[in-house]
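This report refers to the structure that appears directly beneath it.
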Amino acid sequence: MKYGIIGAGAMGYRYGVMLQENAGVQVDFIDTWQPNVEKVREQGGVSVARDHENRHIVPINIYYPEEYTGHPDVWIIFKKQMQLADELQRDAKAGIFHGDQYVFSAMNGMGHFKKIAKYFSPDKMICGTAMIATRMDAPANVDFMGATGTEVMHMAPYNSETPDETMQVIFEDFKKAVLGPVWAKDWQGMCMSKVVFNAVCNTLCTMFQIQMGQFIAYDGVRDMARQLFDEAFDACERAGIYLIESREEEVESVIEVSKAYKYHYPSMYQDFSKGRPTEVDYINGYIAKLGREHDYVCRTHEFVVHEVHLAETMRQFKK
């Protein structure tokens, strides 16, 4: 199997490099951020560290969409939610999508699968979530957070309860890559489990500009998490979506994951700290929208969305 990565960012590099180095498969990277592409070409690859140690250059093949002539069996997509529609349109115009290709994505938030389904057969789509922390500190410069072998991800077919033969091969490649894949039966429940987790850890760490380990140092974290989780679970249940974890399991996952990645700043904070828009509308905002669509008001999530947007607006007044 040959893989193509759309979006050579923190997670795109993580998946591509681990597939290339651990599973021994061919990987091509497609990116549209010029400083990133040119830095890879200048230094002969992407600079990779794990937990700030053993930094080294990993040679990779990287292309702009318009210059790419390859034909991967599988596309892996990692873009920010607000960038995805334009990215897919540009890629399609460049002619890099083909009817026989499968596609996998484990992006944060919700809303991306409908956009991806405009370009790929729903029968060839694999939905994913990744409990894998990665930092991108500069163009072509990433840091894989967490000890080797701690990676965990879930995947599920978009249009079926049972993965087909090609999906099983992709699963085995992810396993060889040491990405820790686990099959789930229902992609919506699987993905919403990650969304509601991010709605606590990512959003609250961003609001207070703290690491995950600092976040759980507060005695009231469990109560804050339960309040947000209860609203999210209530909204999902009214929508007929049942998460793969219970409310209590979600609370405990906040504690355990934050301990494992105690020095990690979540991706939302990484965007916020660099002056970029955050994905809060696709995380807490998605939960709030889902609730409203089913006659349930997620007041805490709605308030949190306003707080994050307020913080984004206030950046213009900082010297």
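For beta carbons closer than 6 Å, sequence separation of 6+ or different chains, a first residue in the range 224-247 that is farther than 18 Å from residue 202 by Cα and a second that is among the aliphatic types (A, V, I, L, M), the qualifying pairs are 235/287; 235/290; 236/192; 239/290; 241/192; 243/192; 244/184; 244/190.
Checking the condition hydroxyl-bearing (Ser, Thr, Tyr) and more than 18 Å from the chain's Cα centre (by Cα), which residue from 261, 218, 265 passes? So that I can check it myself, show each step before the final result.
On the way: 261 fails: more than 18 Å from the chain's Cα centre (by Cα); 265 fails: more than 18 Å from the chain's Cα centre (by Cα).
Among 261, 218, 265, only 218 is hydroxyl-bearing (Ser, Thr, Tyr) and more than 18 Å from the chain's Cα centre (by Cα).
Only residues that are assigned to a loop (DSSP other than H, G, I, E, B), open to solvent by less than 50 Å² (accessible area, probe 1.4 Å) and farther than 24 Å from residue 27 by Cβ were counted in the range 167-197, giving 1. Which members of the range 24-43 meet the condition of being within 21 Å of the chain's Cα centre (by Cα), touching a residue at least 60 places away in the same chain (Cβ under 8 Å) and part of a helix (DSSP H, G or I)? Matches in the range 24-43: 36 only.
Just to be sure before I move on: is residue 6 touching a Lys or Arg at 6+ places or on another chain (Cβ under 8 Å) and surrounded by 16 or more Cβ atoms within 10 Å (Cβ to Cβ) in the structure I sent? Quick ask: steps written out before the conclusion?
On the way: touching a Lys or Arg at 6+ places or on another chain (Cβ under 8 Å): yes; surrounded by 16 or more Cβ atoms within 10 Å (Cβ to Cβ): yes.
Answer is yes for this residue.
Of all residues in the range 68-80, those that are surrounded by fewer than 19 Cβ atoms within 10 Å (Cβ to Cβ) have Cβ atoms under 6 Å from Cβ atoms of residues that are in a loop (DSSP other than H, G, I, E, B), 6 or more apart or on another chain, in 73/1. Determine, yes or no, whether residue 200 is within 18 Å of the chain's Cα centre (by Cα), open to solvent by less than 10 Å² (accessible area, probe 1.4 Å) and within 28 Å of residue 315 (Cβ to Cβ). Spelling it out, residue 200 is indeed within 18 Å of the chain's Cα centre (by Cα), open to solvent by less than 10 Å² (accessible area, probe 1.4 Å) and within 28 Å of residue 315 (Cβ to Cβ).
Helices (runs of 4 or more DSSP H) fully within the range 247-319 that include at least 3 residues being among the small types (Gly, Ala, Ser) and either surrounded by 14 or more Cβ atoms within 10 Å (Cβ to Cβ) or touching a Lys or Arg at 6+ places or on another chain (Cβ under 9 Å) (or both): 247-260, 284-293.
Within the range 101-149, being β-branched (Val, Ile, Thr) and either under 19 Å from residue 244 (Cβ atoms) or free of Cβ contacts under 8 Å to residues at least 60 places away in the same chain (or both) holds for 103, 116, 126, 129, 132.
Quick check: is even one residue across the range 262-275 among the hydrophobic types (A, V, I, L, M, F, W, C) and closer than 25 Å to residue 144 by Cβ? Write out each step before concluding.
Just the residues of the range 262-275 that are among the hydrophobic types (A, V, I, L, M, F, W, C), to begin with: 268, 272.
Narrowing the set further to residues that are closer than 25 Å to residue 144 by Cβ leaves 268, 272.
Within the range 262-275, one or more residues are among the hydrophobic types (A, V, I, L, M, F, W, C) and closer than 25 Å to residue 144 by Cβ.
Only one entry in 223, 234 is out of contact with any helix residue (DSSP H, G or I) (no Cβ under 7 Å at 6 or more places or on another chain), modelled with pLDDT of 95 or more, farther than 26 Å from residue 127 by Cα and not hydrophobic (A, V, I, L, M, F, W, C), namely 223. Only strands (runs of 3 or more DSSP E) whose full extent lies in the range 107-166 are considered here, and the ones with at least 3 residues that are open to solvent by 10 Å² or more (accessible area, probe 1.4 Å) are 134-138. I'm checking my understanding of the structure. Among residues of the range 1-17 that are of a type in the set (A, V, I, L, M, F, W, C) and in contact with an Asp or Glu (Cβ under 8 Å, 6 or more places away or on another chain), which one is farthest from residue 83 (Cα to Cα)? So, considering only residues that are of a type in the set (A, V, I, L, M, F, W, C) and in contact with an Asp or Glu (Cβ under 8 Å, 6 or more places away or on another chain), the one farthest from residue 83 (Cα to Cα) is 1. State whether the residues of the range 47-67 include one that is in contact with a helix residue (DSSP H, G or I) (Cβ under 6 Å, 6 or more places away or on another chain), crowded, with 24+ Cβ neighbours inside 10 Å and assigned to a strand (DSSP E or B). No: zero hits.
The values are calculated or read from the model by the stated rules, or taken from the named source; none is laboratory data. Being a predicted model, the structure only gives us computed values, none of them experimental. Here the Cβ is made from the backbone with ideal geometry for all residues, glycine too, and neighbour counts use every protein chain on show. Heads up: the accessible areas ignore ligands, DNA and RNA and are worked out on the full protein's heavy atoms, side chains in. Shrake-Rupley method; radii C 1.70, N 1.55, O 1.52, S 1.80 Å.
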